[in-house]
1. So which aspartates and glutamates pass the test for Lys217, namely a Cα distance under 17 Å, with those fewer than 8 places away in the same chain ruled out?
2. In the neighborhood of Lys96, defined by Cβ-to-Cβ distances under 15 Å, what is the net charge if each Lys or Arg adds +1 and each Asp or Glu adds -1?
3. As a test of the definition: which semi-axes, in Å, follow for the range 293-423 when you take the square root of five times each eigenvalue of its alpha carbon gyration tensor? Largest first, please.
4. For a 32 Å ceiling on Cα separation, which of these pairs sit above it: Lys120/Lys234; Lys291/Lys328; Lys53/Lys254; Lys291/Lys423; Lys96/Lys291; Lys159/Lys298?
5. Looking only at GluC sites (Glu not before Pro) in DSSP loops with at most 14 other Cβ atoms within 10 Å, what is the longest site-free stretch of the chain?
6. If you average the C-alpha positions of the range 403-423 and of the range 144-164 separately, how far apart do those two centres end up, in angstrom?
7. Taking the solvent-accessible surface of protein heavy atoms with a 1.4 Å probe, what is the per residue accessible area of the chain in Å²?
8. How much length is gained if the chain between Ile287 and Thr77 is pulled fully straight, taking 0.36 nm per residue apart and subtracting their Cα-Cα distance, in nm to one decimal?
Amino acid sequence: MGCRTVYFYRLMTRSFLLLAFTLTLSCSQQKEPQQSAPSAPCPTILIAQAQFKSVTGPDGKTQQQPGPALLILKQKTPAGWKDIVIEDPQSNVFHKAIILKEAESNQEILTIGAMAAALKTWVFREKQWQQKTLWSPVFGGRWNRLRDMEIGDVNGDGKPEIVIATHDQGVVAVAVKKNKEWQVEEIDREPGIFVHEVEIGDVDGDGKNEFFVTPSKPNKAAGGPQPGNVVMYKWNGSRFDKTIVDTFEKTHAKEILAADISGKGLATLFSVVEAETKTDGGKTSRIEPVKIKQYSFKGGTISSTVIATLDDNQCRFLCAGDVDGDGKVELVASAMTSGIWLLKEKGDGSWSVTQIDASSSGYEHATCLADIDGDHVMEIIVASDDQGELREYRWNGSSFTKTLIAPIPKGRITWNVTYGMFK
């Protein structure tokens, strides 16, 4: 685990547990964007972060406190990369941001936050960012976080819904747009459970999307057993039926991926099972490595195969796309300390694993794939928090060329990076 990343993760955990820090700034005090939204759509990387600042406490000791939730829209313009900055003092972290493609005249950005948990839209209008809170629940547990979200049609109405996973109380929720307003309904709740990830895809070939989540026992910063499941929800015409896809007694999966790797419109589900660890005398040791599993849904039966292992404790990002120009979909796995990995499916159904870069790391190691230059080959965008760099990896015909997009300042944790065209 990288020293800088562990340091800030522990600071964040300590801040949440001990400081119970609540920002009281009003929305009118939010930082003005460094650049107004452009007149034409630009390739845009959305970087969702937490930021920390050093303060001196009454005892004279320096403490780290979380600042406002931070979102950076990094846009590639003819003049180079430009930043738009959004801060939300009502939360202390943005866990994810997505461009809402259904917006017409004024594109909206959808964000999820934590402490307070808030689902919001942001639109640049009248020379300023205007926000609208769609959902701001209080779950009643120790934590109050919206942890992940995905957009897709999950109830068969032909329109996109927002599926949301939360910390804690094991809440899974679906937001449906009715009469131009989003209405959020909890479809599952389990006290003492964290739900980490959401993925949407049609895995059984019936033309209807299922969605998947990864609930587990609460996080343990020190390591040790943290059991969890991979769960599927499927709309039956009136409600969502729940099925346990996989279960783990001594570890769990936070990261899952549903992606069409065959190009035939059928999604394949993958999970990244975190390393099995044990703690003894305050020391944590690894028993089993990270495992990447592939699932099959045929004839009502669910089966799985381990397609790769990584010598690491965790891997929080797994992405799919053609990153080497061979016309086939690869997987890119960004592990905590061991670097970035390329997984390619072979003719016999097995997968090869090669390293893209060993000198990239981060507690989350947020990653996305994006065809920024329009050549139909995806670039790999990585927030290398330990190295303090937002990077681009581009296939040059024989290997990946690494380019620095921008530095990541100290005191930041990047929780997610996404991509889209935005104006």
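The values are calculated or read from the model by the stated rules, or taken from the named source; none is laboratory data. Model, not experiment: these values are computed from the prediction. Ideal geometry is used to build each Cβ from the backbone, glycine not excepted, and the neighbour counts take in all protein chains shown. In case anyone asks, the SASA skips ligands and DNA or RNA and just uses the protein heavy atoms, side chains included. Shrake-Rupley method; radii C 1.70, N 1.55, O 1.52, S 1.80 Å.
1. Within the straight-line limit of under 17 Å, Lys217 reaches these aspartates and glutamates: Asp148, Asp168, Asp188, Glu190, Glu197, Asp246, Glu249, Glu255, Glu274, Glu276.
2. Details: positive: Lys120, Arg145, Arg147, Lys254, Arg316; negative: Asp88, Glu108, Asp148, Glu150, Glu197, Glu199, Glu255, Glu364.
Around Lys96, the surrounding residues sum to -3.
3. Numbers: eigenvalues 130, 67, 42 Å².
For the range 293-423, the ellipsoid semi-axes come out as 25, 18, 15 Å.
4. Details: Lys120/Lys234 26 Å; Lys291/Lys328 23 Å; Lys53/Lys254 28 Å; Lys291/Lys423 40 Å; Lys96/Lys291 25 Å; Lys159/Lys298 27 Å.
The pairs that break the limit, which is 32 Å between Cα atoms, are Lys291/Lys423.
5. Details: sites that count: Glu102, Glu104, Glu126, Glu249.
Here the longest run is 250-423.
6. For the range 403-423 versus the range 144-164, the Cα centre distance is 24 Å.
7. Numbers: 18490 Å² over 423 residues.
Accessible area per residue, the chain: 44 Å².
8. The Ile287-Thr77 span can extend by a further 70.8 nm.
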